[in-house]
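Input: a single structure, listed below in C-alpha cells.
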Amino acid sequence: MASSDVEEIPDVLIIGSGPSGAIVAGELSAHGFSVVCLEQGEWHNNDEFPGRQPEWELLGANKWHRDQNIRRTPSDYPVEVSQSDITPIMFAGVGGSSVLYGGHWMRMLPSDFRMHSLDGVATDWPLTYDELAPFYDAVESAVGTAGVPGDPAYLRGPNPPLPPHPIGGVGRTAARGLASLGWHWWPASNAIASQRFGGLTPCVRWGTCETGCPEGAKASFDLTHWPKALNAGTRLVTGARVRQVTLDSRGRADGALYLDRLGREHHQRGRMVVLAANGVGTPRLLLLSSSPRFPDGLANGSGMVGKRLMLHPTSAITAVYEEDLKSWMGPAGQAIYSLQFYETDLNRGFAGGAKWECVPTGGPMRAVELLSQDGFDSAWGPGAQDRVRSVVGHSVHWGILANDLPDESNRITLDPVLKDSDGIAAPRSNYRISENSQRLLAFHREKMNQAISASGALRTFEESTSVEAGHLMGTATMGDDPETSVVDKWGVTHEVPNLCIVDGSVMPTGGGVNPTATIAALALRAATHLVSQARWQEVSG
Amino acid sequence: MTELLSQEQINVFWAIADVLVPPSGSAPALREVDAELAWFERVAAARADLVPRLQVVLAGMDPDRLEAQLRSMFDNDRVDFEVLAVFVAGTYYLIPEVRTVIGYPGQLRLPPSQDEAIDQLEDLIDQASSHQWIFRTIPS
C-alpha cells in the first residue's frame, strides 16, 4: 500500500528529468508554480565519466555503454528488442540521455513540419517551423550552443550564442571533399561550450562526449538547466521509479505512484502531471496506467499511444586518409554537417532525406573493430599494429541520419515477460526499418561515397545500418484530431486535460536531424503555454 | 601479477597475443611490455563482466594449434573470439609503448588556442556561405 507522505500538493508533477523535464521544471518554477519532479536515476558528476582514463574505450563498452540493455544499472529499465531492427537506447539519470548524447544540435527544417502537404507522406504538424523558431532561439541561448550563424540551409536559422569549435582535421578534410563537389556543408552546431558559459567549462577536446563529458563542457541538462530549476524551487526526487499515473474521480490526473530505491511505494500528488519520460518511457507509463476509465492505456482513446515509433536509422562510412587528422581528438560532437540531400525528391524513389555528419573516430579499439570487417588477417596477425596505425587518427566517421517516416506497426508495447529491477513490465520495441528508409540510406551511401572519394580517402569501411538509436520519437503523437493523435499542439492530452506530454513522443515526424533541439523547443513552448493559460487550466482536486 | 588467471592461463593468454599482435620491428610483444600484468589488471577491472568467460575460453584453447583455433573462432564463434580480442587488444593498445608505435597518444586535454576555430575556417567558409539555396520554402 502506498504511503501518503506528501501533504502539500504541488501545482505540477513532472515525471522525468531529461531535457524536456528540466526545461518545464525551470520555466514553471521561475513563474511561481510549485513543482516536483520524479527521476528514476541519480545525479552524476564529471569525475565519474571515463574519458580521462586510458581504458576509456573499454569502459564505454560496458559500464558507460549507450545501450541500457548492456549497461544494466538498477536505474535503467531494460527494453525488449527481439523484434526490433534497432535497439532504442536511453540513460536514466538527472539530465536524462543528454548525459551521454553527442551534443549535435540541429534544428529541423521547415519542410519537416509539412511532409504530408509537400510529399504526400506522414502527417503535417499542427504547428510550423516559424511558430517554433522563437523557442529554438530561446533554448539555444539557455543551452549555450556553439557554432557559426548563417547556414544557407535556413532562412531563419540558428544564431548560436557561442563561437564555433575548431573543426579540426576531420572537419577540414570532409569540407574540402564536399566543397569540391559544390555540395552544402556547414561548421557544426554543438551543445558543447566553446567558452565558459553558465555552469559549463570550455571544451578541451577530450573527444569522449558520448560517455559523459569529464570536463563539464557538454551541455547536458543536469548542468545547463537543473541548477536554475532547483534554485527556483523545484523539488527533484531521484531514485523514484514511477509505475502509474493516478486519476481523481473526475478522470483528471492527480499524481503518480512511484517506488523509491528500497522498493517502497509512494503516492506523489500533483494538480497537473507532465510526462517527460522520453519516446519509450512515456508510452510505457501511459500503458501501465490503464484503468476502467482508460482500459487501453491512459489517454489512449485514439489507440495511438506507443505507435509510430521513429528511431532515425543511420548508416556510417568511415573513411581513411593518408594524413594524420588527429581524429581521436574532440569534440565529438560533430565537426561539420551537410544537408545537401536533405529535402525530399520523390524521383529518387523515396520520401525524406538525411543529415550527414562528420565526427572523430576514437581510439584503437574502434580501429580494430573496423579492420575486423575485412577478416582475421586485417585486424590481427603480422603487421596488425601498422594497420591499426593507419586508421587511428587518420579516419573520419561520416554518418547518415535518415528521416524516419512514422509507421503504426513500429511501436512500443508492454512486454509480458521482461521486467525492470522493480518488477514493473518493461517496454517492448517492435521496429522494422522500412523500405523507404532502406532506399534512402542506399542513395545517401552512394552520394556520400562520392564526397568521400572527392575528399581524398584511401579506403572506406561501410556500416549499412546502425543497431541502436537514441532518438526516440512519435509514440504519443501531436495533432488537432483526437481520433488520430494523443496530444494537442501544446502537448496536452486530448482526453485528460491536466495531463501534458513534453518529450519526443509528441513529434508527428522526426525529420532527419538530431531531435534534442526540437524536443527542447517544444518543451519550452508547452511550458510557456501552461504559464500563460494557468488561469483557465483544469487541474485535479 | 594477477590472481585472476593461473600461470598456465597466463602463458596461453600471452601465446594468443603472440598470434594476434605478434612483435615486429618497433612493435613489442605483449608479454614483454606487460610482464607484471598490470595493464591486464586494468582491462580486467574495466571488463570484469567478461573475466569469467575469459577464464573458460582460455581453458579451452590448445597451445599447439592456437592460430588455427583462433581463425576458426573468428569465423564461427565470434562471441568467444571477441572476449579474447577485448583482453588482448584492450591490454596491448593500452600500453604507452604500444600507443607510441601506433601514433595514438590517448584521449588528451587539449584546449584550443583562441584563434584556432577561425583559422581553420578562413579558407573554407566563403564557399560554404555562398552555397545556392536548395531548400524548400514553406508558404505560411
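Throughout, read-outs are computed from the coordinates displayed, never taken from laboratory work. Not measured: the values here are computed from a predicted model. When we count neighbours, we look across all protein chains shown, and the Cβ atoms used for this are built from the backbone with ideal geometry, even at glycine.
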(message) What percentages make up the Cα-Cα pair-distance distribution of the range A:399-465 when the bins are 10 Å wide from 0?
(response) 17, 31, 22, 19, 10, 1
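What is the magnitude of the charge dipole of the protein assembly as shown about its Cα centre, with +1 placed on the Cβ of each Lys and Arg, -1 on the Cβ of each Asp and Glu, and no other charges, expressed in debye to the nearest 20?
So the magnitude is around 940 debye.
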(message) Taking the 0 to 90 degree range and rounding to the nearest ten, how far is the long axis of helix A:129-143 tilted relative to the main principal axis of chain A, both from C-alpha atoms?
(response) 80 degrees
(message) I'd like the Karplus ³J(HN,Hα) series for the range A:194-206: coefficients 6.51, -1.76, 1.60, θ = phi - 60°, whole numbers in Hz, and an x wherever there's a Gly or Pro.
(response) 8, 9, 4, 8, x, x, 9, 9, x, 4, 10, 6, 4
(request) Enumerate the amide H contacts of A:Leu309 below 5 Å, restricted to partners 5 or more residues apart or on another chain; note that Pro and chain-start residues carry no placed amide H. (result) A:Asp407, A:Asn410, A:Arg411, A:Ile412
(message) Quick check: Cα centre of the range A:43-73 to Cα centre of the range A:347-421, how many Å?
(response) 18 Å
(message) Cut-off under 15 Å on the C-alpha distance; same-chain residues fewer than 8 positions from A:Lys355 excluded. Which aspartates and glutamates are left, in chain and number order?
(response) A:Asp112, A:Asp151, A:Glu343, A:Asp345, A:Asp404, A:Glu446
(request) Please name whichever of B:Thr100, B:Gln114, B:Gln132 sits farthest to the positive end of the charge dipole of chain B, dipole taken about the Cα centre and charges placed at Cβ: Lys and Arg +1, Asp and Glu -1. (result) B:Gln132
(request) Name the long-range amide H neighbours of A:Ala332: under 5 Å, sequence gap of 5 or more, or other chain; modelled H, no Pro or chain starts. (result) A:Gly207, A:Thr208, A:Cys209
(message) For the range B:91-126 and the range A:208-230, what is the centre-to-centre distance using only Cα atoms, to the nearest Å?
(response) 23 Å
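Sum -39500 (n - 2.57) across every DSSP H segment of at least 4 residues in chain A, then divide by the residue count to get the 222 nm mean residue ellipticity, nearest 500. Before the final figure, lay out the partial values.
On the way: 14 runs with 132 residues, N = 541.
Calculated mean residue ellipticity at 222 nm is -7000 deg cm²/dmol.
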(message) Quick check on the exposure proxy: order A:Val506, A:Val513, A:Val170, B:Val12 from fewest to most C-beta atoms within 10 angstrom.
(response) B:Val12, A:Val513, A:Val170, A:Val506
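Set the Förster distance to 51 Å, then compute FRET efficiency between A:Gln533 and A:Asp324 from the Cβ-Cβ distance, nearest 0.05. If you can, show how the numbers build up before the last one.
On the way: r = 57 Å, r/R0 = 1.12.
That gives a FRET efficiency of 0.35.
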(request) Mind putting a number on the dipole of the range A:425-470 about its Cα centre? Charges go on the C-beta only, +1 for Lys and Arg and -1 for Asp and Glu, and I need it in Debye to the nearest 20. (result) 80 debye
(request) Mind checking the range B:1-103 for GluC sites (Glu not before Pro) that DSSP puts in a loop (not H, G, I, E or B) and that have at most 15 other Cβ atoms within 10 Å? (result) B:Glu3, B:Glu36
(request) Rounding to the nearest 20 debye, state how big the charge dipole of chain B is about its Cα centre with +1 on each Lys and Arg Cβ and -1 on each Asp and Glu Cβ. (result) 360 debye
(request) In whole Hz, with x marking every Gly and Pro, tabulate ³J(HN,Hα) for the range B:115-132 from phi via Karplus 6.51 cos²θ - 1.76 cosθ + 1.60, θ = phi - 60°. (result) 9, 4, 5, 5, 4, 6, 9, 3, 8, 10, 6, 4, 4, 5, 5, 8, 4, 5
(message) Just to confirm the filter: which trypsin sites (Lys or Arg not before Pro) across the range A:143-214 are DSSP coil and have at most 16 other Cβ within 10 angstrom of their Cβ?
(response) A:Arg156, A:Arg196
(message) How far apart, in nanometres, would the label points at A:Ser464 and A:Leu346 be if each is projected 7 angstrom from Cα along the Cα-to-Cβ direction?
(response) 2.8 nm
(request) Mind giving me the nanometre distance, one decimal, between the label points for A:Lys419 and B:Leu108, set 7 Å out from Cα along Cα→Cβ? (result) 5.2 nm
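Output the antiparallel fraction of DSSP beta bridges having both residues in the protein assembly as shown, as a percent to the nearest 5.
On the way: 48 of 70 bridges.
In the protein assembly as shown, DSSP labels about 70 percent of beta bridges as antiparallel.
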(message) Using only the alpha-carbon atoms, how far is helix A:19-30 inclined from the longest principal axis of chain A? Give it as 0 to 90 degrees, nearest 10.
(response) 50 degrees
(request) Among A:Ser455, A:Ser289, A:Gly491, flag the residue with its Cα farthest along the positive direction of the charge dipole of chain A, charges on Cβ as +1 for Lys/Arg and -1 for Asp/Glu. (result) A:Ser455
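Based on a Kirkwood Rh over C-alpha pairs, give the Stokes-Einstein translational diffusion coefficient of the range A:1-119 at 4 °C and viscosity 1.567 mPa s in µm²/s. Don't skip to the answer; put the middle values down first.
Values: Rh = 17.5 Å.
D = 74 µm²/s.
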(request) Calculate how many DSSP beta bridges within the range A:401-541 are antiparallel, expressed in % of all such bridges and rounded to the nearest 5. (result) 90 percent
(request) Check the straight Cα-Cα distances from A:Lys218 and name the lysines below 19 Å, setting aside those fewer than 8 residues away within the same chain. (result) A:Lys228
(request) Would you calculate the separation in nanometres between label points at B:Ala59 and B:Ala15, each defined as 7 Å from the Cα along the Cα-to-beta-carbon direction? (result) 1.8 nm
(request) Taking the dipole about the Cα centre of chain A, with the C-beta of Lys and Arg at +1 and of Asp and Glu at -1, give me whichever of A:Pro126, A:Ala277, A:Gln334 is farthest to the positive side. (result) A:Gln334
(request) Mind grabbing the base-10 log of I(q)/I(0) for the protein assembly as shown at q = 0.07, 0.08, 0.11 Å⁻¹? Debye formula, identical points on the C-alpha positions, no solvent, two decimal places. (result) -0.46, -0.60, -1.12
(request) Would you pull out the residues with amide H under 5 Å of A:Thr87's amide H, same chain only if 5 or more places away, H placed 1.01 Å from N? (result) A:Glu468, A:Ala469
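For a footprinting-style exposure proxy, rank A:Ile70, B:Ile118 by other Cβ within 10 Å, fewest first. Intermediate values should be presented prior to the final figure.
Working: A:Ile70 16, B:Ile118 13.
Neighbour counts put them in this order, fewest first: B:Ile118, A:Ile70.
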(message) Suppose the chain between A:Gln373 and A:Thr484 were pulled fully straight at 0.36 nm per residue; how much longer would it get relative to their current alpha carbon spacing?
(response) 35.5 nm
(request) Compute the label zone of A:Glu408 within the range A:500-537: residues whose backbone N is under 17 Å from the point 7 Å along Cα-to-Cβ. (result) A:508-509
